[in-house]
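Worksheet for the structure shown next.
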Amino acid sequence: MTLIADSNFVYALFNSEDTRHTDAMGFVSQITEVMLVPDVSLPEVCYLISRDLGHSGIRRFLEYFSQLDAPLEPIEMGDLDRAREILVTYDDAEFDIVDCCIMAIAERENITRIATFDRRDFSIFQPNHCDYLELLP
């Protein structure tokens, strides 16, 4: 089985000062499945790191990420089309583009499990490929 890691989960995994770091580390130590990281989430993670840890934190993150051994999942043009559909459908919710791309990748790859601390957006979304997305940890 495969799961997708959201930006805030990857950020918490890296940043030992984050209040969710222990939860993220504990979860990763227990999973046996592949954890995909959408490539579109990396700029968002790096923004958070730069904001909270300074620009040098990005270099440390890239070193850390290369050791994490989590495959990057590229977004495809079809994912962007689906992200636009999701944005239109859930206009009042004001989802961000990264979350919409993660939702689209989950549908494309038939993935039902998302590692995220963003319960709001992923709880509202009703995917095409399953009844709901399982939000972890």
Seminar exercise, completed: For segment 45-61, Karplus-derived ³J(HN,Hα) couplings (6.51, -1.76, 1.60; θ = phi - 60°; whole Hz; x for glycine and proline) come out as 4, 5, 4, 4, 5, 4, 4, 9, 10, x, 4, 5, x, 5, 4, 5, 4
Seminar exercise, completed: Note, segment 85-98: 3J(HN,Hα) by Karplus (6.51, -1.76, 1.60, θ = phi - 60°), whole Hz, Gly/Pro = x, goes 4, 5, 4, 5, 4, 10, 3, 5, 7, 6, 4, 8, 5, 5
Exercise. What's the longest piece of the chain with no exposed GluC sites (Glu not before Pro), counting a site as exposed if DSSP puts it in a loop and it has at most 11 other beta carbons within 10 Å?
Worked result: 34-93
Seminar exercise, completed: If amide H atoms are modeled at 1.01 Å from N in the peptide plane, then the residues at a separation of 5 or more from Glu134, or on another chain, having amide H under 5 Å from its own are Arg113, Ile114
For this session: At 7 Å along the Cα-to-beta-carbon direction for both Arg84 and Ser56, put a label point, then send me their distance in nm to one decimal.
Result: 4.4 nm
Seminar exercise, completed: A student asked for the Cα radius of gyration and Dmax of segment 1-135 in angstrom ought to give 14.5, 42
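Read-outs: derived from the displayed coordinates by stated rules, not from any lab. The structure displayed is predicted, hence computed values, not measured ones. Backbone-built Cβ (ideal geometry, glycine too); neighbour counts: all protein chains shown.
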